[in-house]
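In what follows, a structure is listed as structure tokens, so that the remarks can point back to it.
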Amino acid sequence: MPRNILFLAHLDESGMALPKTVFETLGAAVELAAAPDYALTIGLIGENVQDSANTLASTGARIVAVSGAEFSHPRYSTDAAAAEAICRAVSPEIVIAPATSRFLRVLPGVAHRLKGESDTHITSIEDSGSGIVAKRWFYRQRVEAVIQRDALPWFLLLDPGCHEPLTVTTGTAPIESIEVVVTADLKRTSFVGIQVPNSDTQTIRPDAKLLFVAGAGWCKKQGDGKTHVPDAEAAILEFLRNSGASLGGSKSLVDQTGEHQAVLGFMTHLNQVGQTGSTPRHPKGLSTCCHGEEPHVVGWRFVNERRAINLDPNCGWARGKADVLYVADAFKVLPRLTELLAKKQSLSQQVKFGVQSPP
């Protein structure tokens, strides 16, 4: 009998499509299921999953689903009931799912209901020959753990950015519907809505190609002996608007908020990378006014190309931790870089709409 692998996914906030991270995790699941003695089943949760199932038709996998209006938005009770019903119908040994906020809240509880185990923030899954092994980082991404478990089902939630997205071809996919009765007890919590910042103040963009990290140097005295925090705020925000970059901050910068020092008004602990902050996975990173201490650099381990702007040629970034170091004043470099980006965007718009630029 083949060993069942269940890939679980939910629709995105629009309720119309699958999140990008689903295709990354599905790539890992398909790769694992390609080994002998494995069979892949895809489980979908959402209001109307047929279109999403059709996008996965090229996988050739069996598709089961729990659908309906009650499953359109995140809610622990209904999401857990749906995931549990799918697992009981499929009887998988391994359950692989993207580490979305929705599944991170729910699937460990589902594993407990099924007397299984769960591991989150997984970075890779593979068959070692003696069984499936999963890897993840501990201790501020300094220690990599290799995990194997005997308890089944084993739930593995793969972090975004850890696997190449699977290329799929849309077709027509049959769905096996699983009915879940939503009782009054499951609806004690109701979905009200999602609150997000205004688009002009949005600074965290997980899908951005570039991560821009600001350090405490932006809020310190400059060459004239004065601080220029308003100028720093304007320069950084303008750069973010023109580049589409995501904003990160060093621990020393975000900690200044609690120390009653001059800070960037849009910077919070949610922007912190390295040390106790997030571990970003953007293709490129640009650090400015950071002294580049080791814990901060460790937080960048998944950034492929790292560059930095710093006036001090002996800063931490100059000692082999950045691929390219610009020894310059970020207060001068960033406005010029923003100007070039704005000019490039203007030219691309002219080409797009057929406008001839003057000679």
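The values are calculated or read from the model by the stated rules, or taken from the named source; none is laboratory data. Just so you know, these numbers come straight off a predicted model, no measurement behind them. Methodologically, a virtual Cβ is constructed for each residue, glycine included, from the backbone with ideal geometry; neighbour enumeration extends over all protein chains shown.
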Exercise. Please state which one of Ala151, Ala173 is part of a loop (DSSP other than H, G, I, E, B), outside the structural domain of Cys289 (by TED's automatic domain parsing), in contact (Cβ under 8 Å) with a residue 60 or more places away in the chain and not aromatic (Phe, Trp, Tyr).
Key: Ala173
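Tell me which residues, restricted to the stretch 110-125, are part of a helix (DSSP H, G or I) and crowded, with 16+ Cβ neighbours inside 10 Å. Steps first, answer last, please.
First pass over the stretch 110-125, keeping only residues part of a helix (DSSP H, G or I): 110-113.
Selection gives Val110, Ala111.
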Quiz item: Would you pick out the residues in the stretch 238-297 that are in contact with a Pro (Cβ under 9 Å, 6 or more places away or on another chain), among the β-branched types (Val, Ile, Thr) and at pLDDT below 80?
Solution: Thr276
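Please determine, by comparing only the residues of the stretch 191-219 that are of a type in the set (Ser, Thr, Tyr) and surrounded by fewer than 19 Cβ atoms within 10 Å (Cβ to Cβ), which one is modelled with the highest pLDDT.
Residue satisfying both the conditions and the ranking: Thr201.
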Self-check item: Selection within the stretch 126-143 - part of a strand (DSSP E or B) and touching a Ser or Thr at 6+ places or on another chain (Cβ under 8 Å)
Solution: Ala134, Lys135, Arg136, Trp137
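Output the residue which, of all residues in the stretch 142-190 that are within 21 Å of the chain's Cα centre (by Cα) and more than 16 Å from His121 (Cα to Cα), is surrounded by the fewest Cβ atoms within 10 Å (Cβ to Cβ).
Start the filter on the stretch 142-190 by keeping residues that are within 21 Å of the chain's Cα centre (by Cα), which leaves 142-145, 155-168.
Restricting the remaining residues to those that are more than 16 Å from His121 (Cα to Cα) gives 164-168.
Values: Glu164: 10, Pro165: 13, Leu166: 18, Thr167: 8, Val168: 17.
Across the stretch 142-190, the extreme among qualifying residues is Thr167.
Kindly indicate whether Leu347 is under 25 Å from His228 (Cα atoms) and either over 26 Å from the mean Cα position of the chain (by Cα) or not assigned by TED's automatic domain parsing to the domain that holds Gly217 (or both). Working first, answer last.
Details: under 25 Å from His228 (Cα atoms): no; either over 26 Å from the mean Cα position of the chain (by Cα) or not assigned by TED's automatic domain parsing to the domain that holds Gly217 (or both): yes.
No.
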Practice problem: Residues that are farther than 19 Å from Pro160 by Cα and either among the polar types (S, T, N, Q) or touching a residue at least 24 places away in the same chain (Cβ under 8 Å) (or both): find the helices (runs of 4 or more DSSP H) completely inside the stretch 6-90 holding 3 or more of those. | Solution: 50-55, 76-90
Practice problem: Report, by residue number, each residue of the stretch 275-330 that is without any contact (Cβ under 8 Å) to a residue 24 or more places away in the chain, under 26 Å from Glu164 (Cβ atoms) and assigned to a loop (DSSP other than H, G, I, E, B). | Solution: Asn304, Asp323
